[in-house]
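Engineer: The structure that follows is given in the form of structure tokens.
The values are calculated or read from the model by the stated rules, or taken from the named source; none is laboratory data. Note that the structure is a prediction, hence the values are computed from the model and not measured. Virtual Cβ from ideal backbone geometry, glycine too; neighbours counted across all protein chains shown.
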Amino acid sequence: MYERLRQRFRQIMAVKQFLSTVKYVAGTKPSFLLSEIAAYLDEPLTAGQMYEALRPHLAGLGLTVQKTGEDYTISRLLPSPPYILNPAEEKRIDAYLSLSSMPSVLETAIEQYITRKTGKDWSDPVILERLRRAIVAQKDDYWKPAGKRSLQYTKGYSVLGYLAYHFPVYFMQTRHLLAQLARDGLLKQEMTILDLGTGPGVIPLAIEDFWMCLDTAKATVCSVERSKEHIEAFGALATSIATTNNQVTIEPPREADITSPRDVPLPDSVDLMIFSNMLNELAGLPVAARADIVMEYVKRLAPDGTVLIIEPAEEATSTGLRVLALALKKRGLSIYAPCTFVWGTNCTPDRCWSFQTAPSLRPTRIMNTLAACNEPFRYVNTDIKYSYVMLRKDGEVRTSCTIPKDMKALRLSKVHLNVGKRITVVAAKMSEDLGDKETHIFRLCDGSAEKPVYAVLPAFHIMPSNRELGSSPYGTVLEIRNVLVRYNPAHDAYNLLVNRDSGVTPFPLSREI
């Protein structure tokens with residue numbers, strides 16, 4: 001046993017020495033043969049062993065590999081340039097986002113798939129009733145405490161119910177996030193995209209649809225899914241809506257369990273890595289374990305790549321995403337968006353319920369047909385609300401700001417010491433309007449608050465000087481002047497009361513895409 005342990009230790013040290021040597025040689029040569037590294041090693045490794053040891057680290061080292069006879073040529077990875085939108089593409093995207101429904105061909109493809117799988121027309125009363133039961137069961141399961149959820153949308157009517165109820169909303173929210181990535185310059189001229197836990201292919205199909213707004217950008221979309229039935233549905237939908245557009249290549253899903261990253265066949269270098277509405281389903285795992293899973297995949301992320309995590313806007317799930325994002329930040333990733341750490345401190349995310357909204361989806365034919373019953377509200381899912389975080393390996397952030405030393409701006413962590421006083425703060429607007437027509441309420445964050453802080457603006461106090469509070473986009477950093485601090489014991493939170501004498505303006509940023 002001792003000898004086996006010693007041999008294992010020697011293998012580990014040999015691999016570490018090998019990777020260190022590759023990194024050094026790559027810094028001195030733009031290209032070299034893998035066999036050249038053997039002369040530097042204390043423990044001999046074959047070219048095949050060296051390749052297997054290097055492959056998971058290629059993206060992190062900024063390298064690419066090509067088979068050369070019995071050897072391998074290692075070259076520095078030349079990153080694809082960012083894709084910069086032209087004015088025509090900007091207008092096209094604006095028009096695209098104004099659409100309130102899924103592509104009709106995709107809506108029809110879902111109907112046809114349900115019909116084919118069940119052997120009866122999707123609108124048959126028996127099929128509709130089974131779909132209703134599946135949707136209700138999924139919703140009931142979702143609202144259970146995290147540790148008691150099963151959330152297994154993996155077979156039978158659970159898959160068909162997912163297509164009828166969840167798919168349209170997730171497809172539409174992906175549109176908005178892809179547009180945001182494009183406008184921030186985070187897409188590339190040529191890129192590899194990896195969708196982990198793809199289900200029936202929401203993300204790949206939305207990418208193919210969105211890419212029609214772009215003139216020349218190209219993408220290869222890879223995905224991983226464990227459910228055979230989801231993979232079957234993905235294949236059917238992809239075939240039904242296939243176009244002659246050669247800008248996007250959608251590879252067949254790779255069947256694997258994403259909770260075991262080392263067993264998943266992955267591309268060598270990924271430019272955009274997406275976890276959509278699935279990490280919350282690992283509720284049985286602690287945050288640290290989920291962060292470890294993400295970081296294992298991040299090894300394949302290109303040095304200038306982006307991780308996008310999307311979750312539902314429900315409070316516990318949304319808050320859990322913020323906790324996970326901070327755990328990933330502590331592991332070395334930067335939070336690119338939507339958060340801005342105004343004071344350079346880590347936040348306290350335990351009560352950070354923050355989500356984005358977009359115009360509602362027009363109900364699909366299936367939703368309207370399912371809703372023709374005594375409880376129609378159960379079967380219509382049209383609200384576009386989602387929480388997201390974008391993370392980077394290279395330290396890039398969408399916005400950062402520097403507070404001048406002579407500026408009398410108060411950290412939100414200090415508001416409890418200033419109840420009843422008027423103050424000035426610099427903070428990001430981290431919600432749409434949470435109030436009503438009479439009182440407008442917006443969540444604020446500067447990365448320092450321990451308890452929730454809200455800006456409260458009564459409608460009769462709206463003036464040109466404070467109108468920016470309501471009109472500015474989600475995530476905008478604002479300077480909010482002359483606001484009165486109040487404590488709200490019912491919610492254990494603080495309100496900053498904005499009136500006609502208050503001023504709200506966008507804060508000058510050190511960097512903004």
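Engineer: Which of the strands (runs of 3 or more DSSP E) contained wholly in the stretch 230-328 include at least 1 residues that are surrounded by fewer than 23 Cβ atoms within 10 Å (Cβ to Cβ) and not hydroxyl-bearing (Ser, Thr, Tyr)?
Structural biologist: By residue number, 248-250, 301-312.
Engineer: Further question on the same structure: Do we find that SER31 is among the polar types (S, T, N, Q), within 36 Å of the chain's Cα centre (by Cα) and either exposed (fewer than 12 other Cβ atoms within 10 Å of the Cβ) or at pLDDT below 75 (or both) in this structure?
Structural biologist: Numbers: among the polar types (S, T, N, Q): yes; within 36 Å of the chain's Cα centre (by Cα): yes; either exposed (fewer than 12 other Cβ atoms within 10 Å of the Cβ) or at pLDDT below 75 (or both): no.
Here the answer is no, as SER31 does not meet what is asked.
Engineer: Here's a follow-up. Starting from residues that are touching a residue at least 24 places away in the same chain (Cβ under 8 Å) and of a type in the set (Gly, Ala, Ser), keep the ones in the stretch 112-136 and report whichever is nearest to HIS166 (Cα to Cα).
Structural biologist: Filtering the stretch 112-136 down to residues touching a residue at least 24 places away in the same chain (Cβ under 8 Å) leaves 112-114, 116-118, 122-123, 128, 130-136.
In the following step, the residues that additionally are of a type in the set (Gly, Ala, Ser) were identified as 123, 134.
Details: SER123: 18, ALA134: 12 Å.
Of everything passing the filter in the stretch 112-136, ALA134 is nearest to HIS166 (Cα to Cα).
Engineer: Now, a different point. Do you know which residues across the stretch 419-461 are charged (D, E, K, R) and over 17 Å from PHE341 (Cα atoms)?
Structural biologist: Within the stretch 419-461, LYS421, ARG422, GLU432, ASP433, ASP436, LYS437, GLU438 meet the criteria.
Engineer: If you don't mind, another one. Let me confirm something: among THR306, THR319, which residue is at pLDDT below 95, assigned by TED's automatic domain parsing to the domain that holds GLN189 and not aromatic (Phe, Trp, Tyr)? First the steps, then the outcome.
Structural biologist: Numbers: THR306 fails: at pLDDT below 95.
The unique qualifying residue is THR319.
Engineer: Tell me, which residue of the stretch 34-64 that is surrounded by 15 or more Cβ atoms within 10 Å (Cβ to Cβ) and not in a helix (DSSP H, G or I) is modelled with the highest pLDDT?
Structural biologist: My answer is LEU63.
Engineer: Does LYS91 satisfy the criteria of being surrounded by fewer than 16 Cβ atoms within 10 Å (Cβ to Cβ), of a type outside the set (Phe, Trp, Tyr) and at pLDDT 95 or above? Before the answer, list the steps.
Structural biologist: Numbers: surrounded by fewer than 16 Cβ atoms within 10 Å (Cβ to Cβ): yes; of a type outside the set (Phe, Trp, Tyr): yes; at pLDDT 95 or above: yes.
So LYS91 fits the description; yes.
Engineer: In the stretch 422-438, is there at least one residue being closer than 26 Å to PRO359 by Cβ, acidic (Asp, Glu), assigned by TED's automatic domain parsing to the domain that holds ARG481 and in contact (Cβ under 8 Å) with a residue 24 or more places away in the chain?
Structural biologist: Yes - at least one qualifying residue is present in the stretch 422-438.
Engineer: Inspect all residues belonging to the stretch 349-357 and state whether any of them is touching a residue at least 40 places away in the same chain (Cβ under 8 Å), outside any strand (DSSP E or B) and closer than 18 Å to GLU111 by Cβ.
Structural biologist: From the stretch 349-357, those touching a residue at least 40 places away in the same chain (Cβ under 8 Å) are 351-357; that's our starting set.
Next, only the ones that are outside any strand (DSSP E or B) stay: 351-355.
Restricting the remaining residues to those that are closer than 18 Å to GLU111 by Cβ gives none.
For the stretch 349-357, residues touching a residue at least 40 places away in the same chain (Cβ under 8 Å), outside any strand (DSSP E or B) and closer than 18 Å to GLU111 by Cβ: absent.
Engineer: Kindly indicate whether any position in the stretch 152-170 is in contact with a strand residue (DSSP E or B) (Cβ under 9 Å, 6 or more places away or on another chain), modelled with pLDDT of 95 or more and not aliphatic (A, V, I, L, M).
Structural biologist: yes
Engineer: Also: Please find, within the stretch 260-280, the residue that is nearest to SER75 (Cα to Cα) out of those that are over 18 Å from the mean Cα position of the chain (by Cα) and charged (D, E, K, R).
Structural biologist: Step by step, filter the stretch 260-280, then rank; the result is ASP268.
Engineer: In the stretch 260-276, what count of residues is obtained for those that are without any contact (Cβ under 8 Å) to a residue 12 or more places away in the chain and of a type in the set (Ser, Thr, Tyr)? It would help to see each step written out before you state the result.
Structural biologist: Residues of the stretch 260-276 without any contact (Cβ under 8 Å) to a residue 12 or more places away in the chain: 260, 263, 265.
Narrowing the set further to residues that are of a type in the set (Ser, Thr, Tyr) leaves 260.
Final tally of qualifying residues: 1.
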